[in-house]
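See structure below.
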Amino acid sequence: MTTLWNWVRNATDRFELIWAEPMSWLVMAAALGWIVYEYRRRGKLNLRSLVIAGLGLWLVATLAITIYPIRDGYVDPGLHRLDMQSFVPLWVTVESFVHADGYVMSEEEWLQRRADLAVEWGVPIEEVKLDRRVRGPGVAVLRDPIGNLVLFTPLGLLGAAGWRSMRSAWNVLSAAALISGGIELSQLFLGLGSLGTIDDVIFNSLGALVGLAAFSATMRLLNPVASSGGP
C-alpha cells in the first residue's frame, strides 16, 4: 500500500507542474478553441476534432511527467545519464528485477557513494554514514514498466480513433517510438526530467500498442458483424 500511495503522490506532484507552465495553458486553450471552432463550423462535434484536442492534452501531461524540471531539484549522486545501460535494451529493467531483494555495494561503490554524498552535503566524508546493504525496491520495480505502458496507451487509442492509418500496428509503433525517443534524448542530453533509457522507449511503444488493441477490441464489441467480415 505504501508503494501504491507513493506512485499516486508522485503522479499528483508531476501533474501539478502542468498548471505552472505557460505552454500547458496555451495547449489547453488551443484544444478548447479547436473544439469550439469545429462545432461552430460544422454545427456538431466530430470524432477527429475531439481526438486532436485529446492528443494535445495528452502530450502536455506526458511532458509534465517526463521532462518538466523536477521540483525538489534532487539528483541521485550515483546517477549518470550517459551510462551504457541507458542504451542497451532492457538492461535497466532486468537489473532492477535482479536487485529487487537488495544487494550489497562493493567496497569501491560504497566509498564512491560516501564521497559523492560528502560533497553534496558539504561535510567531511567521515560524517557520512552509509549502509553497504542497499534495500531492494520490492514491487516498485514494476513502477517504470507499468507507468510507461499506461502513459502511452492514450496515443494508440486516440490515434486509432482519429485516423485509419493509425490502426496499423507499425504506424502506431513508429509514432510512439518517435515521440518517446525525442523525450528520452531530451532527458539524456539536455538533463531534463529523470533518467532517459531505451527501456522507456520500448515500454512506451508497447503501451501505444495496448491502446490500439483496446480500440480494436472496443470496435469488435460495438460492431461484431463488421469485425467478423459478415454481411
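The values are calculated or read from the model by the stated rules, or taken from the named source; none is laboratory data. Quick caveat: nothing in here was measured; it's all calculated off a predicted structure. When we count neighbours, we look across all protein chains shown, and the Cβ atoms used for this are built from the backbone with ideal geometry, even at glycine. With ligands, DNA and RNA removed, areas are computed over all heavy atoms of the protein, side chains included. Shrake-Rupley method; radii C 1.70, N 1.55, O 1.52, S 1.80 Å.
Tally up the residues in segment 159-176 that are surrounded by fewer than 16 Cβ atoms within 10 Å (Cβ to Cβ) and within 14 Å of residue 205 (Cβ to Cβ), please.
4
List, please: which pairs have Cβ atoms under 6 Å, are six or more places apart or on different chains, and start with a residue in segment 118-134 that is open to solvent by 90 Å² or more (accessible area, probe 1.4 Å) and end with one that is not in a helix (DSSP H, G or I)?
Qualifying pairs under 6 Å: 133/104.
Mind listing just one residue for me: the one in segment 27-49 that is loosely packed, with under 14 Cβ neighbours inside 10 Å and among the hydroxyl-bearing types (Ser, Thr, Tyr) and, of those, modelled with the highest pLDDT?
37
Only one of these conditions is not met by residue 208: (1) modelled with pLDDT under 95; (2) surrounded by 17 or more Cβ atoms within 10 Å (Cβ to Cβ). Which number is it?
Exception for residue 208: condition (1).
Taking residue 56 and the conditions (1) open to solvent by less than 80 Å² (accessible area, probe 1.4 Å); (2) modelled with pLDDT under 75, which numbered condition does it fall short on, given that it satisfies the others?
(2)
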